[in-house]
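Peer 1: Here you go, one structure.
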Amino acid sequence: MWATVQAVEQMEERLSQFIDVGLTPDVVDLDAAAGALRFAHHQVVKLAEDCLQKSRDELLSSAYFYELSENLQTLLNDVRCAKNRLTHYVCTVSQTVRKSVRK
C-alpha cells in the first residue's frame, strides 16, 4: 500500500513539474513552431492537468489510463496526418517553384 501511495505522490509531483514547465513559452517557441506542434503541445499539457486532477480527486483507474492511452494515440495519429499534409504541401509548392524557374 505504501508503495502505491509513494508512486502516486511521485506521479503527481512529476505531472505538476511538467505542467509548469510545459506552459512556459521558453520551453517551446510557440511562435516559431508549426500549428500541429502547438496543438499537440497544448493537448498534452491539458491531458497532464486532467491526470493530475483525477489523481488528486482519487479517481484514477485502469479505465482512465486506457482512455488516456487512446487519447494520446489519437493525438499522435492526428499530428502524423498534419505532418504528412504539410510535407505534401511543401513538396507541391517546391515542385511548382522549380517548374516556374525552369521556364
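Peer 1: Restricting the search to region 49-73, which residues are of a type in the set (Gly, Ala, Ser), free of Cβ contacts under 8 Å to residues at least 40 places away in the same chain and either in contact with a Pro (Cβ under 6 Å, 6 or more places away or on another chain) or part of a helix (DSSP H, G or I) (or both)?
Peer 2: Matches in region 49-73: Ser62, Ala63, Ser69.
Peer 1: Of all residues in region 67-87, how many are of a type in the set (Gly, Ala, Ser) and farther than 15 Å from Val44 by Cα?
Peer 2: Total satisfying the criteria: 1.
Peer 1: Continuing with the same structure: Please work out which residue is surrounded by the fewest Cβ atoms within 10 Å (Cβ to Cβ), limiting yourself to region 27-66 and to residues that are modelled with pLDDT under 90 and acidic (Asp, Glu).
Peer 2: It comes out as Asp31.
Peer 1: Another question, if that's okay. Please determine, by comparing only the residues of region 39-76 that are of a type in the set (A, V, I, L, M) and over 16 Å from the mean Cα position of the chain (by Cα), which one is farthest from Val21 (Cα to Cα).
Peer 2: Ala63
Peer 1: If Phe18 meets every condition in (1) exposed (fewer than 11 other Cβ atoms within 10 Å of the Cβ); (2) at pLDDT below 85 apart from one, which number is that one?
Peer 2: (1)
The values are calculated or read from the model by the stated rules, or taken from the named source; none is laboratory data. Please read all numbers here as calculations on a predicted model, not as lab measurements. Please note: Cβ atoms are built from the backbone with ideal geometry, for glycine as well, and neighbour counts cover all protein chains shown.
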